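Beneath this line is the structure, given in structure tokens, with notes to follow.
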Amino acid sequence: MASNKVRTFLTLLGIIIGVTSIMIVFSAGQAVNGLLNSQISSFGTNIVETEVKVPTDKKKSGTSGEISSAVSLSMGTQITTLTLADMDKIDQLDNVIDSYGAILGQNQITFADQRKTITLFGANASFINIDQSKIAEGRFFTDAEDRSLAKVAVIGSKVKTALFGDSDAVGAQVKIGNLKYEVIGVMKERGAAGAGLDFDSYVYLPIRTLQKRVLGINYVLYLVSQLKDPEQSDATAQAITGLLRDSHHITPDIDPATGQATTNKDDFRITTMQEMIKTLSTVTNAMTILLLAIVAISLIVGGVGIMNIMYVIVSERTAEIGLRKAVGARYADIMGQFLTESVLVTFVATIIGVILGVLVSWLISVGATSQGIDWQFGLPFYSFIVAIAFSLLCGIAFGLMPARKAARLDPIVALRNE
């Protein structure tokens, strides 16, 4: 092997690439999981979210029903049954501290000669107490302003920069659609919380103002309720479910197999933060396993390379094998020799792959962080065990047949090869 460095390097390369990929996949999986949990935690961990859902027929339940509902909503189906009256009823539950409703819209905002299309985010005054958003300048609107349909607005940091630059925004008059609104506050920079959720680009209006003066509607998109005891979130979710079914006059179907009420008729979906974190962790773990299965192909290719090189080595050392067997080497001795060499090659490639995998994973983390992404570098301990165990298994599995061929050589025939 030392005398054929290029050949040996090419043999190692397949294993190196495979192990490097395994380390990157594990690191990326852990980083993505942490990123998603961080984004969810930014909304608060002691909340329950109630959002609209399109009812489905009996045949579509569980995941099938959720997909059907999501498709219907994406295609423009409107659910108008979730209202602020529902929020007031939810607030009466023992484990609920406070709630806010939310709705989204779009319109043009104008200030001086600046004009841009922005997302309008309507919410109750309770939003600033429940959500993780903070005020940088001025104040948030009050419940009295919300109920009186006041023409006041709080703008995101990016909107402030786009319209006002370094000038003061609080107290200025902006035009949204055909009406003028007073800017009473500027939100602290928060950053994007996922696709389509750039809170810094929103203009915040009292929800009733957005409903009545801009959109002409009476419903909300979702409700967020803050809980006294997060440990009771599942029980609270069940209580909200019963309350909304009564309010919306929904009689659920009963699953004959379990005797439990199904959710197919519900025009709402309730999600706890613990449930959301668990679901996303399941998804990221499944993606990690899928990627590892793909990466395993490169390790198998590397193992085939090792098998080929070991066959070549056996052919080149036939005389040596014959001599060893002639002076007393047993079948197990020859098998052990060539298996050791195969495992040694794989182990060296594994160590190089692990080092490269850690380095590349760290560089990815540095690059993502420099772009403002909360991508934490880290590798679970079991990733090293999996990488080493899998690669050594390849070394044994693909070295076994060449070693067996060497061990079964007839010593007289092998010596004649000299």
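Data for the structure
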item: In the stretch 326-346, the residues that are buried (at least 16 other Cβ atoms within 10 Å of the Cβ) and either modelled with pLDDT under 70 or of a type in the set (F, W, Y) (or both); result: F338
item: Candidates R245, R208 - the one that is more than 23 Å from the chain's Cα centre (by Cα), in a helix (DSSP H, G or I) and not assigned by TED's automatic domain parsing to the domain that holds S126; result: R245
item: Condition check for M276: among the aliphatic types (A, V, I, L, M), part of a helix (DSSP H, G or I) and closer than 30 Å to Q106 by Cα; result: yes
item: Test: residue in the stretch 248-265 that is over 30 Å from K116 (Cβ atoms) and in a helix (DSSP H, G or I); result: no
item: Selection status of T63, modelled with pLDDT of 65 or more, closer than 30 Å to A239 by Cα, of a type in the set (V, I, T) and surrounded by fewer than 16 Cβ atoms within 10 Å (Cβ to Cβ); result: no
item: Residue, nearest to I24 (Cα to Cα), within the stretch 282-302, restricted to residues that are of a type outside the set (A, V, I, L, M) and surrounded by 15 or more Cβ atoms within 10 Å (Cβ to Cβ); result: T288
item: Given (1) more than 30 Å from the chain's Cα centre (by Cα); (2) in contact (Cβ under 8 Å) with a residue 40 or more places away in the chain, number of the condition G122 does not satisfy; result: (1)
item: Test: L104 is assigned to a strand (DSSP E or B), hydrophobic (A, V, I, L, M, F, W, C) and buried (at least 21 other Cβ atoms within 10 Å of the Cβ); result: no
item: Residue check, D229 over 18 Å from M87 (Cα atoms) and either small (G, A, S) or under 25 Å from the mean Cα position of the chain (by Cα) (or both); result: no
item: Residue count, the stretch 236-279 (criterion: loosely packed, with under 13 Cβ neighbours inside 10 Å and aliphatic (A, V, I, L, M)); result: 2
item: Tally, over the stretch 1-32, of residues that are of a type in the set (G, A, S), over 19 Å from the mean Cα position of the chain (by Cα) and either over 16 Å from S391 (Cα atoms) or surrounded by fewer than 19 Cβ atoms within 10 Å (Cβ to Cβ) (or both); result: 2
item: Filter result for the condition that a residue is modelled with pLDDT of 80 or more and either outside the structural domain of N33 (by TED's automatic domain parsing) or part of a loop (DSSP other than H, G, I, E, B) (or both), over L379, L356; result: L379
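Yes or no, residue by residue, for (1) under 30 Å from L35 (Cβ atoms); (2) modelled with pLDDT of 80 or more; (3) over 27 Å from the mean Cα position of the chain (by Cα); (4) among the hydrophobic types (A, V, I, L, M, F, W, C):
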| position | (1), (2), (3), (4) |
| --- | --- |
| Y222 | yes, yes, no, no |
| P256 | no, no, yes, no |
| R269 | yes, yes, no, no |
| Q274 | yes, no, no, no |
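The values are calculated or read from the model by the stated rules, or taken from the named source; none is laboratory data. On a predicted model such as this, the values are computed, not experimentally measured, just so you know. No Cβ is skipped: glycine too gets one built from the backbone with ideal geometry, and neighbour counts run over all protein chains shown.
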